[in-house]
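Comments concern the structure below.
The values are calculated or read from the model by the stated rules, or taken from the named source; none is laboratory data. These numbers come from a predicted model, not from an experiment. Reconstructed Cβ throughout: ideal geometry from the backbone, glycine too, with neighbour counts over all protein chains shown.
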Amino acid sequence: MSDLGSLLCGKPSAEGIAKTALDQLSDSISAFARRAILYLGAEFSQETLAFGPFCARVLLENSCAALVGRLDSFRLLYLSEFQTQPEYERGKRVKSSFSWFGDVIPEGNINTPMWSPDYDISKISRALFSKHLDHVYWKPAFEHMLDFVSPYSREPAIAEILSIDADSYIDVTVHTPAPVRRPRGLWAA
């Protein structure tokens with residue numbers, strides 16, 4: 001699991017802003033994955049209770065940010081460049097910050113036909129689980145994965161995966177859930 005950062009962020013070879021950002025995300029993902037493994041293997045403690053959920057949240061958030069950055073490089077480059085500006089204040093929320101609703105979960109009307117000529121290009125969601133990214137990235141990737149694992153269909157876990165339909169793997173027709181309440185204290189930002 002310590003290679004999770006490399007799996008999600010890749011190994012960018014060209015120097016630049018994207019490489020720096022993906023390398024930072026990769027290091028963070030790998031460090032928190034190692035810490036999570038330690039908590040999972042250790043006896044229960046107050047430290048596990050306090051920091052285990054934090055590790056899981058950082059892993060999830062950074063993993064989603066890495067995927068958003070790899071699928072929408074402009075988003076990653078913009079956020080990276082913004083954070084180098086003198087006006088940037090660490091810990092202060094700004095409108096262009098990475099967010100669950102907008103970057104991961106699409107906002108707005110998800111029932112508009114996907115290829116409608118009435119779509120304003122600026123309003124097409126580039127969220128990780130939007131219907132457009134589902135069509136362009138997730139469905140083809142899921143279909144390739146199904147083809148790859150099909151020779152191993154006798155394995156129970158693989159048989160279960162093979163029973164999933166690529167068209168329903170990410171169901172983007174479901175309504176957007178209500179915002180998740182952030183707990184106070186340790187996780188509040």
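Quick check on residue 74: is it of a type in the set (A, V, I, L, M, F, W, C) and assigned to a helix (DSSP H, G or I)? Judged against the criteria, residue 74 is a match. Residues in the range 122-143 that are in a helix (DSSP H, G or I) and hydroxyl-bearing (Ser, Thr, Tyr): 2 in all. Taking each residue of the range 139-162 that is modelled with pLDDT of 90 or more and looking for partners that are hydroxyl-bearing (Ser, Thr, Tyr) with beta-carbon atoms closer than 8 Å, six or more apart or interchain, yields 139/169; 142/169. For residues that are assigned to a loop (DSSP other than H, G, I, E, B) and among the hydroxyl-bearing types (Ser, Thr, Tyr), scanning just the range 77-121, find the one that is nearest to the chain's Cα centre (by Cα). So the residue we want is 99.
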